[in-house]
Amino acid sequence: MSKNYKSKIAGVGSYLPEKILSNADLEKIVETSDEWITERTGIKRRHIAAEGEYTSDLCYKATLKALSDAKMKPEDISMIIVATSSGDQVMPSTACVLQNKLGLSGIPGFDIAAACSGFIYAMSVADQFIKTGMFKNILVIGAEILNRYVNYKDRETCILFGDAAGAFILSRTDLSDEHGIFSTHLHADGEYGDLFVLPAGGSKIPFSKDVLDKNLHYVQMKGREIFRHAVRTLTVCCKEALEHNGFTSQQVDWVVPHQANIRILNSVAEYFEIPQDKVIVSLHETGNTSAASIPVAFDMAVQEGKIKKGQLLLLAAFGAGLTSGSALIRY
Ligand code: UT7
C-alpha cells in the first residue's frame with residue numbers, strides 16, 4: 001500500500017471518575033500537607049474510580065464523548081488501541097473488553113504498554129496504519145486506574161496518581177488537508193527501567209502471599225531521578241519534533257505535555273522560551289493519570305476554549321521504561 005494519506009484528529013473525549021481525593025483527604029492518610037503537595041507537584045486533587053468501575057468502563061465513557069465530537073457511531077471505528085498499564089486484566093486486553101462494550105466485533109483491538117508515554121505510542125501506531133490506507137478511523141485511548149497499584153502508606157507515590165481516560169478518533173484525510181499529524185517520534189531507554197517499577201504480577205514475580213506481605217503489588221519509584229530524566233527527555237523530544245518539521249517553539253500555539261509535575265512543565269517551558277501560559281496544565285485537577293494524561297489534558301483544554309481547530313500543538317510525554325515521545329499536530 002502506498003503512502004497517500006495522513007491522520008487527523010476527528011474527535012476527542014475524556015472521562016474523570018466522580019470521586020475526588022483532595023490533598024486535604026491525603027493529609028488524613030499519610031504524613032503530608034496540601035502546602036507541600038501543591039508547592040512540589042502542583043497537584044490539588046485527583047479523581048478515583050469507584051468500586052466496581054474498571055479501566056474499560058472509563059474507556060467506554062471517554063469513547064462515547066469522542067464519537068459524539070466526531071459525529072460518528074461505534075460502527076465507524078475500524079481499530080481500537082488502548083494505552084494502559086492498569087488494564088482490567090492481563091488477559092484479555094482492555095481494547096477487546098471495550099470492543100465488546102461498544103457492541104462491535106471483528107475489528108482488531110490491542111493494548112500498548114509504554115506507561116505514561118503510552119498515548120503517544122498508540123497515536124504513532126494508529127498514524128502508521130492510517131497513512132498506509134489500511135484503516136480509516138482508529139479509536140486511540142489512554143486510560144488508567146493506577147490508584148489500585150498505589151501504596152497509601154508511601155507518601156512519595158500516593159500523592160501523585162489519579163484515574164482517568166481520554167480518547168481520540170484519528171481519521172484518514174488527504175495529504176492536502178491542512179489539519180493533521182505532522183510527525184510522531186518515539187524513544188525508550190531500558191537501562192533506566194528500575195526508576196519506576198510495578199514489581200509483581202508478571203512472569204518474574206507471580207502473585208503469592210509473599211508479594212502481598214512485601215507490598216510488591218504496588219508501584220515503586222525513584223522520584224528525584226525520574227524528575228531529572230523527565231526534564232531532559234521532554235526537552236529532547238520537543239526539540240526533535242520542531243526541528244523535524246521546520247517549526248520554531250514560537251510558532252507553537254500550545255504544548256500539551258504529560259501531566260506529572262508542574263515544576264517539570266515549567267522547566268521545559270523555560271528551556272524553550274515558551275510562556276508558561278502556552279503550556280496546557282490539568283494536573284491540579286487530575287494528578288498524574290499516566291497514559292490518560294495527554295488526551296485528558298487535551299480534551300479539558302478544548303472544553304475550556306483554549307485549544308481550537310487550526311492551532312499548532314506539540315504533545316510530549318515521558319514515562320516508565322523509560323519511554324518518551326512526541327507528536328506535532330495541526331488540530
Ligand atoms: O510519570 C512518571 C511518574 N513519576 C514522576 O513523574 C515523578 C517525578 N518526580 C517528582 O515529581 C518529584 O521528585 C516528587 C514529587 C516525587 C518528589 O518531590 P521532590 O521535590 O523531588 O522531593 P524529594 O524526593 O527531594 O524530597 C524532599 C523532602 C524529603 O524530606 P527530607 O529528606 O528533605 O527531610 C521527603 O521525605 O520531601 C519529603 N517528602 C514529602 N513531604 C511531604 C516526600 N514526599 C512528601 C510528601 N509530603 N508527600
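The values are calculated or read from the model by the stated rules, or taken from the named source; none is laboratory data. These figures come from a predicted structure and were not determined experimentally. No Cβ is skipped: glycine too gets one built from the backbone with ideal geometry, and neighbour counts run over all protein chains shown.
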Note to self: So, SER86, is that one in contact with a Leu (Cβ under 6 Å, 6 or more places away or on another chain), within 16 Å of the ligand (Cβ to nearest atom) and either under 30 Å from GLY202 (Cα atoms) or assigned by TED's automatic domain parsing to the domain that holds GLN259 (or both) or not?
What the structure shows: yes
Margin query: Give me the residue from region 6-40 that is surrounded by fewer than 21 Cβ atoms within 10 Å (Cβ to Cβ) and among the hydroxyl-bearing types (Ser, Thr, Tyr) and, out of that set, farthest from the ligand (Cβ to nearest atom).
Written below: SER22
Next item on the list: Please state which one of ALA49, ALA24 is aliphatic (A, V, I, L, M), over 30 Å from GLY180 (Cβ atoms), in contact with a helix residue (DSSP H, G or I) (Cβ under 7 Å, 6 or more places away or on another chain) and free of Cβ contacts under 8 Å to residues at least 60 places away in the same chain.
Entry: ALA24
Next item on the list: Tell me the strands (runs of 3 or more DSSP E) entirely within region 42-143 that contain at least 1 residues that are at negative phi and charged (D, E, K, R).
Entry: 45-48, 109-112
Check: Restricted to region 296-324, and to residues that are over 11 Å from the mean Cα position of the chain (by Cα) and within 16 Å of the ligand (Cβ to nearest atom), which residue is surrounded by the most Cβ atoms within 10 Å (Cβ to Cβ)?
Finding: SER324
Check: Which one is surrounded by the most Cβ atoms within 10 Å (Cβ to Cβ) among residues in region 63-105 that are within 22 Å of SER117 (Cβ to Cβ) and free of Cβ contacts under 8 Å to residues at least 60 places away in the same chain?
Finding: LEU98
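Return yes or no: is LEU58 away from the ligand (no atom under 16 Å from the Cβ), in contact with a Phe, Trp or Tyr (Cβ under 9 Å, 6 or more places away or on another chain) and either under 26 Å from VAL197 (Cα atoms) or free of Cβ contacts under 8 Å to residues at least 40 places away in the same chain (or both)?
When the stated conditions are applied, LEU58 passes them.
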Notebook entry, point to check: Looking at this structure, is PHE196 within 17 Å of TYR152 (Cα to Cα) and within 19 Å of the chain's Cα centre (by Cα)?
Noted result: yes
Check: Counting only residues that are more than 16 Å from the ligand (Cβ to nearest atom) and in contact with a strand residue (DSSP E or B) (Cβ under 7 Å, 6 or more places away or on another chain), how many does region 123-173 have?
Finding: 24
